[in-house]
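As structure tokens, the structure follows; a few thoughts come after it.
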Amino acid sequence: MTAKQPLLEVDALRVDVGERNVLKSVSLEVPAGALVVLMGANGSGKSTLGLTLAGHPRYRVTGGSARFAGHDLLARTPEERARAGLFVSFQAPPEIPGVKNNLFIRTALNAVREARGEPQLDAFDFLEEARGAARHLGLPDAMLGRPVNDGFSGGERKRNELLQLALLRPRLAILDEADSGMDVDGVRALVALVHELRAAGSAFIVVSHYQQLIESLEPDAVLRLDQGCIAERGGLELAAQIARTGFARTAAVAQGA
């Protein structure tokens, strides 16, 4: 971690879903280029945090703040957050029937490029770049011409999100169990892409439970989310302890410390 102003600053964030309070008070900081792993038992609020920061309308902020690159993130629309460089993956990426994958990604990419002051990509230049990125991720070219995630396997949907990540090159990416459903080659492609983007300055919050993946990502910090709060902060030793003892035992040890 650095002494510079963090890229993402979340302070005492409280979030309700319907009538239920899910995040009670979450505070964290992520500097540019850093990688933070977020761990927690099912229902602890990991996906809620990502979707709240993305601006999903189902998640209602009732307290606290979130700043991105020095600006009030919560005051921005979801589209403005994406254009500013925030990328959030789905734990279960949905199908979008009738919308071609290549058109969907090119539209998103050109919106981000416009916000950065970069020229738009025409269909020819985009397809050349997209095909190259798809090959690196193990996605066949034919999937670019199909409706978004239509008929894709779970692993293919995850790789398709990695394709979006590779082309958009966000300032901060929140990856929610990005390895779920992927084979060994897919996980290797994920790790390689994250390292490539980190070297270029992108920051990451990665939700994962798998020790081998976490070690491969070489995180700067590991956070344990419990009952809507950051209950513990550490490094790889915290992830290793959770892998050995599980969340319940880890929480009990932390409370007794």
Could I have the simple spin-label model distance between Ile96 and Gln5, label points 7 Å from Cα toward Cβ, reported in nm to one decimal? 3.2
Name the residue from Gly201, Thr62, Leu175 whose Cα lies farthest towards the positive end of the charge dipole of the stretch 8-256, charges +1 on Cβ of Lys and Arg and -1 on Cβ of Asp and Glu. Thr62
Can you give the calculated 222 nm mean residue ellipticity of the chain, where each DSSP H run of n ≥ 4 adds -39,500 (n - 2.57) and the sum is split over every residue, rounded to the nearest 500 deg cm²/dmol? -13000 deg cm²/dmol
Tilt relative to the chain, helix 123-136 - C-alpha long axis, 0 to 90 degrees, to 10: 50
Residue among Leu23, Asn102, Ala123 farthest towards the positive dipole end of the chain, charges placed on Cβ: Leu23
Quick one: angle between helix 184-199 and the longest Cα principal axis of the chain, in degrees between 0 and 90, rounded to 10, please. 90
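If you count, for each residue, the other Cβ atoms within 10 Å and average over each peptide, how do 114-124, 28-38 line up from highest to lowest? Numbers along the way, then the final one.
Details: 114-124: 10.9, 28-38: 20.5.
In decreasing order of mean packing, 114-124, 28-38 become 28-38, 114-124.
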What spacing in nm lies between the two simple spin-label points modelled at Arg146 and Ser180, each 7 Å away from Cα in the Cβ direction? 2.0
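How much length, in nm to one decimal, is gained on full extension between Glu128 and Lys24, taken as 0.36 nm per residue of separation minus their Cα-Cα distance? Please report the intermediate quantities before stating the final value.
Working: separation 104, 0.36 × 104 = 37.44 nm, distance 4.59 nm.
Separation in residues times 0.36 nm, less the Cα-Cα distance, equals 32.9 nm.
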May I ask you to derive the relative contact order of the chain, considering only C-alpha pairs under 8 Å and at least 6 residues apart, and to give it as an integer percent? 26
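State the antiparallel share, in %, of DSSP beta bridges confined to the chain, rounding to the nearest 5.
Details: 24 of 42 bridges.
Of all bridge pairs located within the chain, approximately 55 percent are antiparallel.
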Quick check: residue separation of Ala111 and Glu79 times 0.36 nm, minus the Cα distance between them. What number comes out in nm? 10.6 nm
Rounded, prolate or oblate: which one fits the stretch 126-257, using the alpha carbon gyration tensor with axes a ≥ b ≥ c (rounded when a/c is under 1.5, else prolate when a/b beats b/c, else oblate)? prolate
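What is the extension gain from Glu196 to Gln211, computed as 0.36 nm multiplied by their sequence separation minus the C-alpha to C-alpha distance, in nm to one decimal?
Numbers: separation 15, 0.36 × 15 = 5.40 nm, distance 2.06 nm.
Extending this stretch completely gives an extra 3.3 nm.
Roughly how many debye, to the nearest 20, is the charge dipole of the chain about its Cα centre, given +1 on each Lys and Arg Cβ, -1 on each Asp and Glu Cβ, and no other charges? If you can, show how the numbers build up before the last one.
Working: 29 positive and 31 negative charges, 84 e Å.
The calculation lands at about 400 debye.
Rule-based calculations on the coordinates, nothing more; no lab input. For clarity, every value in this text was computed on a predicted model and none was experimentally measured. Neighbour counts run over all protein chains shown; Cβ positions are idealised from the backbone, glycine included.
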